[in-house]
Amino acid sequence: MTAVYFVLIIMAGGLAVIATARSLVRAIIGAEVMTLGAIYATAVARDINMLAVAASAGVFETVLLVATLFKMARRGYV
């Protein structure tokens, strides 16, 4: 039961970071915290298939967010 509370705290923290973000970098950090919460939840559930899916989705999401941030910075939006 403690693990469920910990996952909820991680997810709520990620949402709080996204909600209060004043820059795109902080929004990306919040999204990463949410992804880490999902990875932790699947690890606690001991579901290796979902853990692989969550980890690969986390990598994919990180690459897309960072690429988007660099493109926006190059165009002068950030």
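Taking the stretch 22-42 as the range and being open to solvent by 50 Å² or more (accessible area, probe 1.4 Å) and more than 23 Å from residue 71 (Cβ to Cβ) as the test, the residues that pass are 36, 40. Looking at residue 25 and the list (1) touching a helix residue (DSSP H, G or I) at 6+ places or on another chain (Cβ under 6 Å); (2) in a helix (DSSP H, G or I); (3) modelled with pLDDT under 85; (4) not aromatic (Phe, Trp, Tyr), which single condition is not satisfied? The number of the failed condition is (1).
From 7, 17, 53, grab the single residue that is open to solvent by 60 Å² or more (accessible area, probe 1.4 Å) and either small (Gly, Ala, Ser) or on the phi < 0 side of the Ramachandran plot (or both). Step by step, each of 7, 17, 53 is checked, and only 53 is open to solvent by 60 Å² or more (accessible area, probe 1.4 Å) and either small (Gly, Ala, Ser) or on the phi < 0 side of the Ramachandran plot (or both). When 41, 27, 54, 3 are checked against the criterion of being closer than 30 Å to residue 77 by Cα and either under 15 Å from the mean Cα position of the chain (by Cα) or not basic (Lys, Arg) (or both), 27 stands alone in meeting it.
Taking the conditions (1) under 20 Å from residue 64 (Cα atoms); (2) aliphatic (A, V, I, L, M); (3) assigned to a helix (DSSP H, G or I) in turn, residue 7 satisfies each one other than (1).
The values are calculated or read from the model by the stated rules, or taken from the named source; none is laboratory data. Everything numeric in this text was worked out from a predicted model, so none of it was measured. FYI the Cβ positions are ideal-geometry reconstructions off the backbone, even for glycines, and counts take in every protein chain you see. Heavy atoms of the whole protein, side chains included, go into the accessibility calculation; ligands, DNA and RNA do not. Shrake-Rupley method; radii C 1.70, N 1.55, O 1.52, S 1.80 Å.
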